[in-house]
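A.B. asks: Sharing a structure with you now.
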Amino acid sequence: MPKVTKILNLDITSEIFLNECSDTEIYELFILLQSDRFQDIILKAQAGEEAINHLKKDFNARNKFREVGCENGDTNITRTS
């Protein structure tokens, strides 16, 4: 039997897609977009890989902790700037 194949081009904008979603689906998308997996993708798309690496290094450098004052068994944690 012959087979008929038709190529279909479909253009759906993000706004059209979201307009067709239910409230529950919108909430599910919101939760997914807040996840680490998608936040990494979003950040990479916005700033580029090089800028992300710079931001991560800067963040880590600003938030390092060190131990001080261990003479009598007490450990004080202070934040370095």
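A.B. asks: Condition test on Gln46, is it at pLDDT 75 or above and either charged (D, E, K, R) or open to solvent by 80 Å² or more (accessible area, probe 1.4 Å) (or both)?
C.D. replies: yes
Residue by residue, here is whether (1) open to solvent by less than 80 Å² (accessible area, probe 1.4 Å); (2) at negative phi; (3) assigned to a loop (DSSP other than H, G, I, E, B); (4) at pLDDT below 70 holds:
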| residue | (1), (2), (3), (4) |
| --- | --- |
| Gln39 | yes, yes, no, no |
| Ala51 | yes, yes, no, no |
| His54 | no, yes, no, no |
| Lys57 | no, yes, no, no |
| Asn60 | no, yes, no, no |
| Arg66 | no, yes, no, yes |
| Glu71 | no, yes, yes, yes |
| Asp74 | no, yes, yes, yes |
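A.B. asks: Could you tell me whether the stretch 20-29 includes any residue that is loosely packed, with under 10 Cβ neighbours inside 10 Å, modelled with pLDDT of 75 or more, not charged (D, E, K, R) and not in a helix (DSSP H, G or I)?
C.D. replies: Yes; the residues of the stretch 20-29 include at least one that is loosely packed, with under 10 Cβ neighbours inside 10 Å, modelled with pLDDT of 75 or more, not charged (D, E, K, R) and not in a helix (DSSP H, G or I).
The values are calculated or read from the model by the stated rules, or taken from the named source; none is laboratory data. Everything quoted here is computed from the prediction, not taken from an experiment. Counting neighbours? That spans all protein chains shown, and the Cβs are built from the backbone with ideal geometry, glycine included. Side chains included, ligands, DNA and RNA excluded: accessible areas come from the protein's heavy atoms. Shrake-Rupley method; radii C 1.70, N 1.55, O 1.52, S 1.80 Å.
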